[in-house]
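Please treat every number below as a calculation from the coordinates, not as lab data. All of these numbers come straight from a predicted model, not from anything done at the bench. Don't worry about glycine lacking a Cβ; one is built from the backbone with ideal geometry, like all the others, and counts go over all protein chains shown.
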Amino acid sequence: MFKKQLRLLAGVFAALLIVLGGCKSKYEKLKASNDNAKKYSEAIKLYNKREYTKALGLFDDLVVRYRGHEGAEDLFYYNAYANYKLKDYTAAGYHFKNFADTYPSSPRAEECRFMYAYCLYLDSPIYSLDQTNTTKAIDGLQLFINLYPKSDRVAEAGKLIQTLRDKLETKAFENAKLYLTIGDYQAAVIAFGSTLRDYPDTKYGEEIEYLTVEAQYQYAKHSNEYFQEDRFGQTITLADQFTDKFPTSKYLKDVAQYKKDAKEDMEKTKRLLAEASINPNLAKKLSKKDSVKTQPPSEKNNGDKKIPN
């Protein structure tokens, strides 16, 4: 009885495989055939039915066979969009660019040049990751604007560029803050300054200038005593500049405190160095190597944090 049921199940399974194999065989046979016209016609039908994976399977084969022949322009166009519909923006961007480069006089060249840049835009990652694609997207969109300054898509391209620049701006700001967090205070001061130079109209401007005061104070505080007077002096200068520039800032109280502490610490340093000038043992003790990455004990647990690319 059991053997009969087993044979019956095996027969049903075999029949099912035959049926399924028959369903697949029509597409597979066409894919393996040399009937390019039929293959192309079926690929378009599949594309219009939104069966993009199957359509792409045929397009990929036809692209090689049609290259340089009549009808290749339409094929390249549909092939690029099939990849786009499947959200393979890297492949789609490549094919859109290839179309625009191969058929620069085509009525579709402008569209494909824009779509190439738009695919780069879609491939741009969150700000905390590597921003190579973001930079490429900005370059691609700017190239589109330069090539087609009268295009209806120029306004959209401009908005996309601004979105991408905002992302780069945020990354620069967050990287600078991370230097401050891990106690690399000199690097933080430099990074905040670079961010302000690269993005003079940044929405983070007030906070950046406040954090620069903090970073400069901490840099001075953790420096060798022989360098502290000058570095505390820079802290005071930055604090005065901040107060003049942002007279109603919510950070004014903190900035005033950093200025007060910097003045007091500067006086302490002057007295200490005066004593060291007549005390060789103290002078030797103070002659330790200056470090730009000295961290206070409370921050040492952050030492394993790294600046992302």
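Structure notes:
- A straight chain from K270 to F227 at 0.36 nm per residue would run longer than the Cα-Cα distance by 14.4 nm.
- Neighbour-limited loop hits for trypsin sites (Lys or Arg not before Pro), region 149-187 (at most 10 other Cβ within 10 Å; DSSP other than H, G, I, E, B): K150
- Part-to-part distance (alpha-carbon centres) for region 147-212 and region 46-107, which is given in Å: 37 Å
- Fully extended contour minus Cα-Cα distance, from T237 to E156, at 0.36 nm per residue: 24.8 nm
- Sorted peptide list for 256-263, 133-140, 115-122, 199-206, criterion being average Cβ within 10 angstrom, highest first: 115-122, 133-140, 256-263, 199-206
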